[in-house]
Amino acid sequence: MKKNYSKKGGNRHNTSLPGHQEGDVKAKKHLGQHFLTDESVAERIADTLSYKGYPHVLEIGPGMGVLTKYLLKKDTDLHVIEIDTESVAYLNEHYPALEGKVHEKDFLRYDIGEIFKQEQFAIIGNFPYNISTQIVFKMLELRDFIPEFSGMFQKEVAQRICEKEGNKTYGILSVLVQAFYEAEYLFTVPPSVFNPPPKVDSGVLKFIRKEDFSLPVDEKLFFRVVKTAFQQRRKTLRNSLKIFDLPENIKEDAIFGLRPEQLSTARFIELTQKIQPYAI
Ligand code: SAH
């Protein structure tokens, strides 16, 4: 179900930036900071996780805590990771319940095992859009520990990840995410509910890890096949996968006459199975 939000909240305070109050964190562009100003959107994002089957939740990029506030009401052990010193100071001052659980780190570089050891956790956030795809790649690396993931991205990225084969925007992230997770696009959020407003619409999505998320193929090879195929997405697999140096008779298989966007996740697995005996 897709739903658009009408403009609400924001633009309430008549200071330098619309929605900006004395004492607020100043938005920094290089950190992808667009603060959500609509409480109902924050609450709705917080409600996208089930909070069942895992003891912890990690929020990435809490900023001034608009979403955090609603996450703290849930029955879970909440930790937040935030790169911006000024936001961390704000969180420590305004959310005493988070004591010891605000990690001033770069999510992309930090070893999350330091926080949760080997235990399961969900990830949630209104993510910094400049690194949103890298966040998803890191989540995929940590998939053994992450049964649920939800949050806000640029709409176009969110849609691309949930896209099915046969569509122009179907790509590497769609295949890789959908190999391990059920991905669902939930709803669209307009620029007007952020401060400062981003240039594009945003989209909220949710991933639920599959019951059996092991692949019947070499996983590294699967990633390599998918990435290599999409690097030249208009070519047939026969041509784009030349680098694997496959024997000619194998390439006569009809699957090699297809282009990557025509293959579902299951067929990419089948393709990897065919390549595996010849891959070094
Ligand atoms: N969740 C808040 C802020 C969203 S803006 C809200 O909805 O209002 C994105 C946030 O991610 C910012 O607070 C930014 O400082 C933080 N951020 C950016 N890069 C990060 C990184 N590598 N690791 C952790 N946090 C990061």
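Filter the stretch 193-245 down to residues that are hydroxyl-bearing (Ser, Thr, Tyr) and out of contact with any strand residue (DSSP E or B) (no Cβ under 8 Å at 6 or more places or on another chain) and give me whichever is farthest from the ligand (Cβ to nearest atom).
Start the filter on the stretch 193-245 by keeping residues that are hydroxyl-bearing (Ser, Thr, Tyr), which leaves 202, 214, 228, 236, 240.
Then keep just the ones that are out of contact with any strand residue (DSSP E or B) (no Cβ under 8 Å at 6 or more places or on another chain); that gives 214, 228, 236, 240.
Numbers: Ser214: 29, Thr228: 28, Thr236: 38, Ser240: 32 Å.
The extreme case among them is Thr236.
One line per residue, one yes/no per condition, for (1) outside any helix (DSSP H, G or I); (2) in contact with a strand residue (DSSP E or B) (Cβ under 8 Å, 6 or more places away or on another chain); (3) in the same structural domain as Leu142 (by TED's automatic domain parsing):
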| site | (1), (2), (3) |
| --- | --- |
| Leu173 | no, no, yes |
| Leu176 | no, no, yes |
| Pro247 | yes, no, no |
| Phe256 | no, no, no |
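Would you check which residues across the stretch 225-251 are basic (Lys, Arg) and closer than 15 Å to Pro277 by Cα and list them? Walk me through it before giving the result.
Restricting attention to the stretch 225-251, the residues satisfying the condition of being basic (Lys, Arg) are 227, 233-235, 238, 242, 251.
Across the stretch 225-251, the qualifying residue is only Lys251.
Scanning the stretch 79-110 for residues that are among the charged types (D, E, K, R) and within 13 Å of the ligand (Cβ to nearest atom), which turns out farthest from the chain's Cα centre (by Cα)?
The first filter runs over the stretch 79-110 and keeps only residues among the charged types (D, E, K, R), leaving 82, 84, 86, 93, 99, 101, 104-106, 109.
With the extra rule that they be within 13 Å of the ligand (Cβ to nearest atom), the set shrinks to 82, 84, 86, 104-106, 109.
Details: Glu82: 16, Asp84: 20, Glu86: 24, Glu104: 20, Lys105: 18, Asp106: 15, Arg109: 16 Å.
The extreme case among them is Glu86.
Any idea which of (1) under 27 Å from Gly113 (Cβ atoms); (2) in contact with a helix residue (DSSP H, G or I) (Cβ under 9 Å, 6 or more places away or on another chain); (3) of a type in the set (Asp, Glu) is the one Asp75 doesn't satisfy?
Unmet for Asp75, out of (1) under 27 Å from Gly113 (Cβ atoms); (2) in contact with a helix residue (DSSP H, G or I) (Cβ under 9 Å, 6 or more places away or on another chain); (3) of a type in the set (Asp, Glu): (2).
Residue by residue, here is whether (1) of a type in the set (S, T, N, Q); (2) over 14 Å from Gly32 (Cβ atoms) holds:
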position: Val102; (1), (2): no, yes
position: Asp106; (1), (2): no, no
position: Asp111; (1), (2): no, yes
position: Phe116; (1), (2): no, yes
position: Phe121; (1), (2): no, yes
position: Ser132; (1), (2): yes, no
position: Phe137; (1), (2): no, yes
position: Leu140; (1), (2): no, yes
position: Phe149; (1), (2): no, yes
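Going through the stretch 111-136 one residue at a time, which ones are within 7 Å of the ligand (Cβ to nearest atom), of a type in the set (A, V, I, L, M, F, W, C) and within 20 Å of Thr48 (Cα to Cα)?
Phe127 - this is the single residue of the stretch 111-136 that is within 7 Å of the ligand (Cβ to nearest atom), of a type in the set (A, V, I, L, M, F, W, C) and within 20 Å of Thr48 (Cα to Cα).
If Ser174 meets every condition in (1) away from the ligand (no atom under 16 Å from the Cβ); (2) in contact with a Pro (Cβ under 6 Å, 6 or more places away or on another chain) apart from one, which number is that one?
Tallying (1) away from the ligand (no atom under 16 Å from the Cβ); (2) in contact with a Pro (Cβ under 6 Å, 6 or more places away or on another chain), Ser174 fails exactly one: (2).
If you take the residues of the stretch 84-131 that are among the polar types (S, T, N, Q) and touching a residue at least 60 places away in the same chain (Cβ under 8 Å), which of them is surrounded by the most Cβ atoms within 10 Å (Cβ to Cβ)?
Quick first cut of the stretch 84-131, residues among the polar types (S, T, N, Q) only: 85, 87, 92, 118, 120, 126, 130.
Adding the requirement that they be touching a residue at least 60 places away in the same chain (Cβ under 8 Å) leaves 87, 120, 126, 130.
Details: Ser87: 23, Gln120: 15, Asn126: 26, Asn130: 13.
Per the criteria, the residue is Asn126.
The values are calculated or read from the model by the stated rules, or taken from the named source; none is laboratory data. The structure displayed is predicted, hence computed values, not measured ones. Note that each Cβ is placed from the backbone with ideal geometry, even for glycine, and that neighbours are counted across all protein chains shown.
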